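The values are calculated or read from the model by the stated rules, or taken from the named source; none is laboratory data. If you're wondering where the values come from, they're calculated on a predicted model, not measured in any experiment. Don't worry about glycine lacking a Cβ; one is built from the backbone with ideal geometry, like all the others, and counts go over all protein chains shown.
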Amino acid sequence: MSDLVPNGNDVVSELVDLLLDRIHIDKELGQHFLINEKILQRAVEISGAGADSHILEIGPGPGTLTHFLLALGSKVTAIEFDGMVVEHLQRVHSQAIESGQLCLVKGDALHVAWPKDLTHVVSNPPYQISSPLLSKIDNWQNEAKRRDDNELQSVVLLLQEEFASRLTMEFGIASRGPLGINMALNWQCSLDLKVPPHSFTPHPEVHSRLVLLKPRNLMDELDIEVEPRLVKRMVDHAFAERRRKMRNRLKGTPRKIERVPNWNRKIWRQVADKLLSGKEDINLGSGWEDFRPEDLEVNEWLILAQKFEHINNELVE
Ligand code: SAH
């Protein structure tokens, strides 16, 4: 590790102080730096990463989490947007960069290319990119599956508490929505440490939560096969008006439905009419048409989408 990285217990506060000496905090970049070593250690620990791993870190800031990731012996790729922060990281982690253990990339983590051989993501990212970041991680995993390539083994993120509740659907109906349902297809999402505002400098206004995502394949587990893009369009569309009944929501057509293979607006309407005619058997509780989107469990969305696919196939025949 770099000779410029301070050793001992104070490594976290020293790295943060070194950075604060050099920059003006940019709140628009979500610059809230963790100063509680326990949380950093916990993030590293639950990731399960080790010396063979290649970890992606988004928004390394002072380089504290980076420090603990490097201590595992893992390869780390860290993407940082702020040029002044990048200069700081080049100084404090110069040795790891020279040895090739750390690859520091200046840019927007949502846009720069990620290395193909990643095994983990561990990050305290800026909160304003949480949603597109999770989409990118999920698409990454789908692509890796398609290419039969390295899949991510785990993802550990520090997120805004309310967002973490929606991701894990912690409170059942109250936190059910497109984020949690769509992510549940590929990930077992679980909550870990609660992180109060005073664990950061400067303090954010919100509470935070450490979240662990472990890969899964829910469709395989439930033995249901259906086009995931159809599920996603259906869920997003239904929840656009979460207080209305399913019957009503399904009569409308999801946006961009024609991007899902074998679907267009006309077919959607035909299929929805047929299903809602009441003559079709579907393995959902009776009266499901009068439920609201938030009343359906993840597996019920899969059953519904699968039924849509079946009726579509029958129409074609
Ligand atoms: N991980 C550090 C810093 C968190 S603050 C810690 O735990 O203390 C968020 C960091 O993300 C800042 O350094 C900010 O400059 C950086 N950042 C903001 N937007 C980014 C983006 N789109 N891509 C990469 N980094 C970004």
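Yes or no: the range 93-102 includes at least one residue that is within 12 Å of the ligand (Cβ to nearest atom), in a loop (DSSP other than H, G, I, E, B) and either modelled with pLDDT of 95 or more or surrounded by fewer than 16 Cβ atoms within 10 Å (Cβ to Cβ) (or both). No: the range 93-102 contains no residue that is within 12 Å of the ligand (Cβ to nearest atom), in a loop (DSSP other than H, G, I, E, B) and either modelled with pLDDT of 95 or more or surrounded by fewer than 16 Cβ atoms within 10 Å (Cβ to Cβ) (or both).
Taking the range 39-62 as the range and being among the hydrophobic types (A, V, I, L, M, F, W, C) and in a helix (DSSP H, G or I) as the test, the residues that pass are ILE39, LEU40, ALA43, VAL44, ILE46. The set of residues from the range 46-89 being more than 20 Å from TYR127 (Cβ to Cβ), in contact with a helix residue (DSSP H, G or I) (Cβ under 8 Å, 6 or more places away or on another chain) and within 11 Å of the ligand (Cβ to nearest atom) comprises HIS67, PHE68, LEU69, MET84, HIS88, LEU89.
Just so you know, in the range 109-152 the residues that are in a loop (DSSP other than H, G, I, E, B), more than 16 Å from the ligand (Cβ to nearest atom) and polar (S, T, N, Q) include one that is surrounded by the fewest Cβ atoms within 10 Å (Cβ to Cβ), and it is ASN150.
Condition test on HIS88, is it buried (at least 22 other Cβ atoms within 10 Å of the Cβ) and more than 17 Å from LEU56 (Cβ to Cβ)? When the stated conditions are applied, HIS88 passes them. Can you name the residue in the range 158-187 that is modelled with pLDDT of 95 or more and of a type in the set (Phe, Trp, Tyr) and, of all such residues, is surrounded by the most Cβ atoms within 10 Å (Cβ to Cβ)? Among those that are modelled with pLDDT of 95 or more and of a type in the set (Phe, Trp, Tyr), it is TRP187.
Among the residues of the range 269-285, those identified as within 10 Å of LYS251 (Cα to Cα) and either without any contact (Cβ under 8 Å) to a residue 24 or more places away in the chain or among the small types (Gly, Ala, Ser) (or both) are ARG269, ALA272, ASP273.
Residues in the range 138-174 that are of a type in the set (A, V, I, L, M) and over 13 Å from the mean Cα position of the chain (by Cα): ALA144, MET169, ILE173, ALA174.
Every test in (1) at pLDDT 95 or above; (2) within 23 Å of the chain's Cα centre (by Cα) is passed by LYS266 save one, and that test is (2). Among the residues examined, LEU65 qualifies as surrounded by 23 or more Cβ atoms within 10 Å (Cβ to Cβ) and outside any loop (DSSP other than H, G, I, E, B).
Determine if the range 242-258 includes at least one residue that is over 23 Å from the mean Cα position of the chain (by Cα) and modelled with pLDDT under 95. Looking through the range 242-258, at least one residue is over 23 Å from the mean Cα position of the chain (by Cα) and modelled with pLDDT under 95.
Condition first: in a loop (DSSP other than H, G, I, E, B) and loosely packed, with under 13 Cβ neighbours inside 10 Å. Can you find one or more residues in the range 235-244 that meet it?
Checking the range 235-244: at least one residue is in a loop (DSSP other than H, G, I, E, B) and loosely packed, with under 13 Cβ neighbours inside 10 Å.
Taken together, the residues in the range 298-312 that are β-branched (Val, Ile, Thr) and under 27 Å from the mean Cα position of the chain (by Cα) amount to 2.
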